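Comments concern the structure below.
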Amino acid sequence: MQRHLDHFRDAKLYREGELILEQFEGYIGCREKSGHRKEWHGYFLVSAREHLDPESKYTLELSDGSKATIRGSDISSCESDGGEKHAVEFYVVGDIRGGSRRSIGLEHSGRRPLG
C-alpha cells in the first residue's frame, strides 16, 4: 500500500490560545484505523530556536481554517538550511475540525511518498 504526505502552507500554531508560530509549511498524512477512524501525523520545519514540549498540546490551524489538537516533538539530528531549521514531528489528537472537509487545507499536488 502506497502512502503519501500532503503539503500544507501558511499554518499557525497556538499553545493555550497564544500564537507561537505562523506562516510555516509542512506535510501531513493519515492512515485508516479500525472503524474507519483516521490517524493523522506529519512534520514541519521550525527555526533552530523554537522547540515544542512533547508533554504540551498545541492547536495547529491550516490555511483554510481547519484546526487540530496536536502533540509534537523535535526530531533529533534532523536539520535543514545549514542548521538554521530543524524538523518537528507531530500527531493529531482526535480529528481535524472545520474548514473544507474535502481538502482540509492541503495541497494534494505536493504529495511525497512515504517509505
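The values are calculated or read from the model by the stated rules, or taken from the named source; none is laboratory data. Quantities reported herein were computed from a predicted structural model and do not represent experimental measurements. Here the Cβ is made from the backbone with ideal geometry for all residues, glycine too, and neighbour counts use every protein chain on show. Surface areas here come from the heavy atoms of the whole protein model, side chains and all, with no ligands, DNA or RNA. Shrake-Rupley method; radii C 1.70, N 1.55, O 1.52, S 1.80 Å.
Express in nm, to one decimal, how much length is gained between Ser56 and Tyr43 on full extension, taking 0.36 nm for each residue of separation and deducting their alpha carbon distance. If you can, show how the numbers build up before the last one.
Values: separation 13, 0.36 × 13 = 4.68 nm, distance 1.63 nm.
In short, 3.1 nm is gained.
Which loop GluC sites (Glu not before Pro) in the stretch 22-67, with loop taken from DSSP, have no more than 15 other Cβ atoms within 10 angstrom of their Cβ?
Values: sites: Glu22, Glu25, Glu32, Glu39, Glu50, Glu55, Glu61; in loops: Glu50, Glu55.
Answer by residue number: Glu50, Glu55.
For the stretch 18-60, run through the trypsin sites (Lys or Arg not before Pro) and keep only the ones in DSSP coil with at most 16 other Cβ atoms within 10 Å of their Cβ. Mind showing how you got there, number by number?
Numbers: sites: Arg31, Lys33, Arg37, Lys38, Arg49, Lys57; in loops: Lys33, Arg37, Arg49, Lys57.
Passing both the DSSP loop test and the Cβ count: Lys33, Arg37, Arg49, Lys57.
Using the Cα centre of the stretch 6-92 as the reference point, and only Cβ charges (+1 on K/R, -1 on D/E), how large is the resulting charge dipole? Debye, rounded to the nearest 20. Mind dumping the intermediate values first?
Details: 12 positive and 18 negative charges, 87 e Å.
The dipole magnitude comes to about 420 debye.
How charged is the neighbourhood of Thr69? Take every other residue with its Cβ under 10 Å from the Cβ of Thr69, and add Lys/Arg as +1 and Asp/Glu as -1.
+3
If Lys and Arg each add +1 and Asp and Glu each add -1, what is the summed charge of the other residues whose beta carbon sits under 9 Å from the beta carbon of Glu32?
Working: positive: Arg31, Lys33, Arg37, Lys38; negative: Glu39.
Its environment carries a net charge of +3.
Tally up the carbon and sulfur contribution to the accessible surface of the stretch 6-92 as a whole percent, 1.4 Å probe, everything protein left in place.
Numbers: 2020 of 5080 Å².
Percent of accessible area from carbon and sulfur atoms in the stretch 6-92: 40.
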